[in-house]
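What follows is one structure encoded as structure tokens, with my remarks underneath.
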Amino acid sequence: MNRIILTALIALFAMAKAVAADFATEVMDATFKLSVHDGAATCFLVRRKPPDKACYLVTAAHVVEEVKEQTAVLGLRVPKPDGTYERRDYTISIRSGDKPLWVRNKTEDVAVLRLTEPLPVPVTALPESVLADEIQFQRSGVHICSPLFVLTYPAQLEANDAGFPIARSGIFASPPLVLMPDSISLLSKSTNSSGPATFLADFTTFSGDSGGPVFIKTADGHPLIVGIVLGRGFQDLKHEDEYGEQLVHYPLGLGIILRAQCVRDALDAAANFKVPASKPPAKSPPS
């Protein structure tokens, strides 16, 4: 009997560990490298509720705004029969002529691109429900020093040849539950306080992290995305000597995180975005 109980306990422990790991795997499977020009950043895929069948790519707006190319490369992954994966790069359009195909949040650094064509391989996309709106964020119970997790491509590095993102952990380095201005009416709070759309996280941030999902584990064992990586915190110090003056940026080991409510807002706008018509080619003058 004792052996049966022990076996059952071991099985339950294994199941608990699997559930604990799965919340991160759900996010990892939807996170990809986005290569633009001679650099790269991070993006993740989201789906809205039916009847919308489109797939939406989420990243930081500066990733696509700072390049002039018409296309970017999405680093997809294809499962193989032996359980391994192989990388499959896929070119997507990000502009039509000089007009962007993505939608940016009106005031914040996040862009959402509606992928109008099916991707060449099956992909996992996160449901919109995992993006924390202000009510979910307030009810999550997070506070300063609460743990958080991030999946990105720091310094454009990949976890392996298949192109998986790299996982890291940190903590909330600034009070996360300060209300955003729009959240006051959303939560029916009788208060005049408001707060920023970003918060700080204690983990070292690199180029290539921009657009990566920042998430926590919920009580039901699933992820809740609380924001996306925008950049890193610096201290600017002037160094003067007999040869002149130099401004030095000292990294503080802090990530700047945009709250997920701003991603939701951009996602709603992208769902209603009409793709700009491409201009017809100019006619040659008659000879």
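Here residue 81 meets the list (1) under 25 Å from residue 26 (Cβ atoms); (2) of a type outside the set (A, V, I, L, M); (3) under 19 Å from the mean Cα position of the chain (by Cα) almost entirely, failing just condition (3). Cβ-Cβ distances below 6 Å connect the following pairs, each with a first residue in the stretch 101-118 that is surrounded by fewer than 21 Cβ atoms within 10 Å (Cβ to Cβ), a second residue that is among the β-branched types (Val, Ile, Thr), and a separation of six or more residues or different chains: 101/94.
Going by the conditions given, is residue 137 within 17 Å of residue 30 (Cβ to Cβ) and among the hydrophobic types (A, V, I, L, M, F, W, C)? Taking the combined requirement at face value, the residue does not satisfy it. Name the pairs: first residue in the stretch 34-45 and farther than 13 Å from residue 155 by Cα, second residue aromatic (Phe, Trp, Tyr) and modelled with pLDDT of 95 or more, Cβ to Cβ under 6 Å, at least 6 apart or on different chains? Going by the 6 Å Cβ cut-off, the qualifying pairs are 43/32.
Here's the yes/no breakdown for (1) within 28 Å of residue 205 (Cα to Cα); (2) surrounded by fewer than 10 Cβ atoms within 10 Å (Cβ to Cβ); (3) modelled with pLDDT of 80 or more:
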position	(1), (2), (3)
240	yes, yes, no
249	yes, no, no
258	yes, no, yes
262	yes, no, yes
265	yes, no, yes
275	no, no, no
283	no, yes, no
287	no, yes, no
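The residues in the stretch 208-255 that are under 20 Å from residue 39 (Cα atoms) and either of a type outside the set (Gly, Ala, Ser) or not in a strand (DSSP E or B) (or both) can be counted, and the count is 10.
Can you name the number of the only condition in (1) surrounded by 17 or more Cβ atoms within 10 Å (Cβ to Cβ); (2) more than 26 Å from residue 219 (Cα to Cα); (3) β-branched (Val, Ile, Thr) that residue 142 fails? With respect to (1) surrounded by 17 or more Cβ atoms within 10 Å (Cβ to Cβ); (2) more than 26 Å from residue 219 (Cα to Cα); (3) β-branched (Val, Ile, Thr), residue 142 is out only on (2).
Just to be sure before I move on: is residue 141 free of Cβ contacts under 8 Å to residues at least 40 places away in the same chain and in a loop (DSSP other than H, G, I, E, B) in the structure I sent? Spelling it out, residue 141 is indeed free of Cβ contacts under 8 Å to residues at least 40 places away in the same chain and in a loop (DSSP other than H, G, I, E, B). Of all the numbered requirements in (1) at pLDDT below 95; (2) under 26 Å from residue 230 (Cα atoms), residue 59 misses one, and that requirement is (1). Out of (1) at pLDDT 95 or above; (2) surrounded by fewer than 19 Cβ atoms within 10 Å (Cβ to Cβ); (3) over 16 Å from residue 27 (Cβ atoms), what's the single condition that is false for residue 177? With respect to (1) at pLDDT 95 or above; (2) surrounded by fewer than 19 Cβ atoms within 10 Å (Cβ to Cβ); (3) over 16 Å from residue 27 (Cβ atoms), residue 177 is out only on (1). Counting only strands (runs of 3 or more DSSP E) that sit completely within the stretch 31-99, those holding 3 or more residues that are loosely packed, with under 14 Cβ neighbours inside 10 Å correspond to 85-93.
Selection of the stretch 5-30 for residues being assigned to a helix (DSSP H, G or I) and modelled with pLDDT of 90 or more yields 23, 24, 25, 26, 27, 28. Of the residues 45, 74, 101, which single one is more than 21 Å from residue 164 (Cα to Cα), at pLDDT 95 or above and not basic (Lys, Arg)? Result of the check over 45, 74, 101: 101.
The values are calculated or read from the model by the stated rules, or taken from the named source; none is laboratory data. All values derive from a computational prediction rather than experimental measurement. Ideal geometry is used to build each Cβ from the backbone, glycine not excepted, and the neighbour counts take in all protein chains shown.
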